1. Taking the convex hull of the alpha carbon atoms in the stretch 141-181, what volume per residue do you get, in Å³?
2. Sticking with the crude label model, points 7 Å out along Cα→Cβ, report the distance from residue 113 to residue 141 in nm, one decimal please.
3. Would you list the P(r) distribution for the stretch 60-130, with all Cα-Cα distances sorted into 10 Å bins from 0 and each bin expressed as a whole %?
4. Between residue 71 and residue 39, what's the calculated FRET efficiency when r is the beta-carbon distance and R0 is 25 Å? Round to 0.05.
5. For residue 181 and residue 123 in the same chain, what is the full-extension length gain: residue separation times 0.36 nm, less their Cα-Cα distance, in nm?
6. For the stretch 57-191, what does the convex hull of the Cα positions come to per residue, in cubic angstrom?
7. So if we plug the beta-carbon distance of residue 104 and residue 157 into 1/(1 + (r/R0)^6) with R0 = 30 Å, what FRET efficiency do we get, rounded to 0.05?
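Just so it is clear, none of the values below were taken in a lab; they were calculated from the coordinates. Please read these numbers as outputs of a predicted model, since none were measured by experiment. Counting neighbours? That spans all protein chains shown, and the Cβs are built from the backbone with ideal geometry, glycine included.
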C-alpha cells in the first residue's frame, strides 16, 4: 500500500489525506455539509474544558497578595450567597453586590478576624438568606424539612397509586372457550 504523498500514490491519482472537514482539499470543492454540525457539537466539550479558566471571577487587583489569606477569603466567600444571583456563592458570582461582599470579606480577613467572626458580621447585616447553609431555627425549619417532606410525599403518592391499582383488579374466571385455547397454547397441551 503506497503512502499518501509517495510518487506511487500520485501516479494513481490520489490527492493525499482528507482534511478535517471530511471533503477533499483543493479543486474548489465546497466543504463537507457535516463540518459545521460537527464543529457545533464539539463546542460544549471545548467550553467544558475551558470552564476552570472562567472560575476566576473578580478582578486580579481585588485579590489579596498573601495566598493563604486569599484562600481563606475564598473559603468564606463560598459559604455566602450572592443576593442577586441567589443560587451562587459570592465567589462564583460576577454581580456588583457579590463583588462588594467579596471586598468586605477580604477587608475582614486582612483585619485579622477569624472565619466565624466574618460570617457573623455578614449574617448580622444580611440575615439568614445570605448563608448558603442557613442555621436550623424556627424560621428556617420548613426550609430544612422540605427535602424530607418532598420525598415523603412522593413515596406516599406511589404507595397510594399502587394500592388503588391492586384494589381495582379483580380476577374473572375463564370462559370454556378461553380454557380450551389456553390448553392448546400450553406445552404438551392439545397440539
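1. Working: hull volume 2.4 nm³, N = 41.
Per-residue hull volume (Cα only) is 58 Å³.
2. 3.1
3. 22, 58, 19, 0
4. On the way: r = 39 Å, r/R0 = 1.54.
It comes to 0.05.
5. Working: separation 58, 0.36 × 58 = 20.88 nm, distance 7.62 nm.
Taking residue 181 through residue 123 to full extension adds about 13.3 nm, to one decimal.
6. Looking at the stretch 57-191, the number lands at 239 Å³ per residue.
7. Result of the calculation: an efficiency of 0.05.
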